[in-house]
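Okay, so here's the structure we're looking at.
The values are calculated or read from the model by the stated rules, or taken from the named source; none is laboratory data. Note that the structure is a prediction, hence the values are computed from the model and not measured. In this analysis, Cβ positions are derived from the backbone assuming ideal geometry, glycine residues included, and neighbour counts consider all displayed protein chains. Just the protein is used for accessible areas: all its heavy atoms, side chains included, with ligands, DNA and RNA removed. Shrake-Rupley method; radii C 1.70, N 1.55, O 1.52, S 1.80 Å.
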Amino acid sequence: MLTGLAFGLLAAAAWGIVDIAGALTARQIGSLRVQIGTLVVGLASFVVFTLLRPDLLGPDWLTGAIIGLPLGIFAAAGYITYMTALRLGPISVVSPVAVSYGGLSVILAVVLRGESLNGLQATGALLATVGVALTAVVLEEGTLRSAKIVGPGVVMALLTVLLFGLLGVLLAGPVRDHGWLPILLGSRFGNLAGGVVLFVVAMLTGSGRFRTVLDPGRAVTRRIVALLVLAGVCDTAAFSVFAIGLEQAPVWIVTLASSFGPVLVVLFAIAQLGERLRPVQWMGLAALAGGLGVLALAG
């Protein structure tokens, strides 16, 4: 179990860097363009790695790549619902709901894959899930008073939880049957295809509903390109260690640990942007640390 925890945390750290790079660039060129740029770099990274290490593909790699293709489209749907949820808001409700998919993945791994947790592991998983959700809470003046617990944004956030929660469970079987590289290679193509379709739709329709994710803002600078390359490479690394973890460890611990990326974003905001944590976020960090400690002891 400790192996799965380690791989999941490595994936979370890499995805945290992707989120930070995305946040710094999305304000300038729009989040949808950032997603497309990240996916292009990520796919290119996978192709280069595959050319360097073809021995990792295995004899049945084409079948694995074909199986991975719809999984990539499935992941793209999760990204889209997440962006939509943040746009619709309220962020104070949507953000902690969306990042709690790790808890659902634990339940799905037990129900769909027959995995099991002892009492200590279940306690650690619960503490960690609550912790990452509280850490992601965004409080703005008047937001909670005007927030609707049930609304379009919350519905999209719940759909995001379902899609991301299912993703790790759906990946595990193919990864173990065909190897991680063929599955991810196919899924990267599917992921990019889904993002490109959304981008084309947004450009052709010119609808105002896409304005917040397609706002061109500033011109693309070298700094933006460098951040997109960083995001794409880290996204590649994150998916790779995540998939390797799924090969070697229980699905529930890998997917749960990989959902802790938003915590790194919060720590970056404190260290580099001078933001201050709210008491509820400190409580979240404490719960997350306690959950990780319990999981380490349970391993």
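Per residue, how much accessible surface does segment 1-66 expose to a 1.4 Å probe? Answer in Å², no decimals.
About 46 Å² of surface per residue is accessible.
Using a 1.4 Å probe over the heavy atoms of the protein chains, calculate the carbon and sulfur portion of the accessible area of segment 1-116 as a whole percent.
Reported share for carbon and sulfur atoms: 73 percent.
Mean residue ellipticity at 222 nm from the helices of the chain, using -39,500 (n - 2.57) per DSSP H segment of n ≥ 4 over the full residue count, to the nearest 500 deg cm²/dmol?
Using -39500 (n - 2.57) per qualifying helix, the result is -27500 deg cm²/dmol.
Is the shape of segment 1-75 rounded, prolate or oblate, going by the alpha carbon gyration tensor and its root eigenvalues a ≥ b ≥ c, with a/c under 1.5 for rounded and a/b larger than b/c for prolate?
Note, shape of segment 1-75 comes out oblate.
Helix hunt in the chain: which complete DSSP H runs extend at least 27 Å axially by C-alpha with mean Kyte-Doolittle at least 0.0?
The qualifying helices are 2-29, 31-52, 61-88, 152-178, 180-205, 222-248, 279-298.
What part of the accessible area of segment 158-199, given as a whole %, is carbon or sulfur when the probe is 1.4 angstrom?
Within segment 158-199, the accessible surface is 79 percent carbon and sulfur.
Which residue fluctuates the most in the chain, going by a Gaussian network model with Cα springs under 10 Å, if the choices are PRO250, PRO279, PRO174?
PRO279
For the pair LEU51/LEU112, report the inter-label distance in nm, with labels modelled 7 Å from Cα in the Cβ direction.
Here the modelled spin labels are 3.5 nm apart.
Could you tell me what percent of the accessible area of segment 233-280 is made up of carbon and sulfur, with a 1.4 Å probe and every protein chain present?
Its accessible area is 60 percent carbon and sulfur atoms.
Sort segment 163-205 into rounded, prolate or oblate with this rule: let a ≥ b ≥ c be the square roots of the eigenvalues of the Cα gyration tensor; rounded if a/c is under 1.5, and if a/c is not under 1.5, prolate when a/b is larger than b/c, oblate otherwise.
The shape class here is oblate.
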